[in-house]
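Heads up: the structure comes next, in C-alpha cells.
The values are calculated or read from the model by the stated rules, or taken from the named source; none is laboratory data. Small disclaimer: the values here were computed from a predicted structure and weren't measured. Every residue, glycine among them, receives a Cβ derived from its backbone with ideal geometry; neighbour counts consider all protein chains shown. Protein only, heavy atoms only, side chains kept; ligands, DNA and RNA dropped before computing areas. Shrake-Rupley method; radii C 1.70, N 1.55, O 1.52, S 1.80 Å.
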Amino acid sequence: MPWAGTSSSGRYSCATSSQHTLKDLRIKRKGQPVFVLGHLLNRRGQEAIFEGFNDRIALVKFGDGGIVGYDPIELLLPTEIDERGVAYFEIRPCRSCEMLFPLTREEADSDQEPALCPECRR
C-alpha cells in the first residue's frame, strides 16, 4: 500500500475563501482535522483525522479507530483550530444547491453568514 503526499511540517489548515476541502490544500498534513461528507451514511457528519493517501484516496481515521478512504473533496476543513489544537466546524447547507460547506472564521464571526456555498456565489 503506497503512502505519499503528506507533510509533517507546518500547521493544520482552516477554511478560507479559497480553501474549503482537503482537495483545495496544496500541502495535506497528516493529522489535519476534517469533517466527513462522504459516501458512508454511518460516517457522514463525523469529524476525523487525515492520515495519508493510498493512490488518490484520502484515508481518514475516526475517533473509534476506524479508517476509511474518501475523495478529498468530501472532506471539509475546520472553521477554526484553537490554541490547544481543538478543531471547530461551522458547517452550513447552501440555500441554492443544498450542499454542505464550512464557514471561514471571518464568516462565522460576522453578523451576516453567507447563505450560498462558494461555488454558487461565483
- [ ] List the residues whose amide H sits under 5 Å from the amide H of Thr79, counting only those 5 or more places along or on another chain, with H placed 1.01 Å from N in the peptide plane.
- [x] Ala15, Tyr88, Phe89, Glu90
TODO: Name the residues whose placed amide hydrogens come within less than 5 Å of the amide hydrogen of Gln32, ignoring near sequence neighbours (fewer than 5 apart) on the same chain.
DONE: Phe50
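Per residue of the chain, what 222 nm ellipticity follows from adding -39500 (n - 2.57) for every DSSP H run with n ≥ 4, rounded to the nearest 500? Could the numbers behind the result be given before it?
Working: 2 runs with 9 residues, N = 122.
It comes out at -1000 deg cm²/dmol, rounded to the nearest 500.
Specify whether the C-alpha gyration tensor of segment 65-122 places it in the rounded, prolate or oblate class, a ≥ b ≥ c being the square roots of the eigenvalues: rounded for a/c under 1.5, otherwise prolate if a/b is larger than b/c and oblate if not.
On the way: a/c = 2.83, a/b = 1.19, b/c = 2.37.
It comes out oblate by the Cα gyration axes.
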Open item on the list: Per residue of segment 38-51, what does 6.51 cos²θ - 1.76 cosθ + 1.60 with θ = phi - 60° give for ³J(HN,Hα)? Whole Hz please, x for Gly and Pro, Karplus curve as stated.
Closed with: x, 7, 8, 4, 6, 10, 4, x, 9, 8, 8, 10, 5, 9
TODO: Over segment 22-120, give the accessible area per residue in Å² for a 1.4 Å probe, as an integer.
DONE: 58
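Using a 1.4 angstrom probe on heavy atoms only, work out the carbon and sulfur share of the accessible area of the chain in %.
Working: 3630 of 7580 Å².
After summing per-atom areas, the C and S share lands at 48 percent.
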Open item on the list: Sort 16-27, 46-57 by the packing proxy (mean of other Cβ within 10 Å over each peptide's residues), most packed first.
Closed with: 46-57, 16-27
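Given segment 18-115, report the % of alpha carbon pairs whose separation exceeds 20 Å. Let's see the in-between values first.
On the way: 1665 of 4753 pairs.
When every Cα pair of segment 18-115 is considered, 35 percent fall beyond 20 Å.
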Task: Estimated vicinal HN-Hα couplings, Hz - segment 21-33 in sequence order (Karplus 6.51, -1.76, 1.60; Gly, Pro = x) - done: 10, 4, 4, 6, 6, 6, 10, 9, 8, 4, x, 4, x
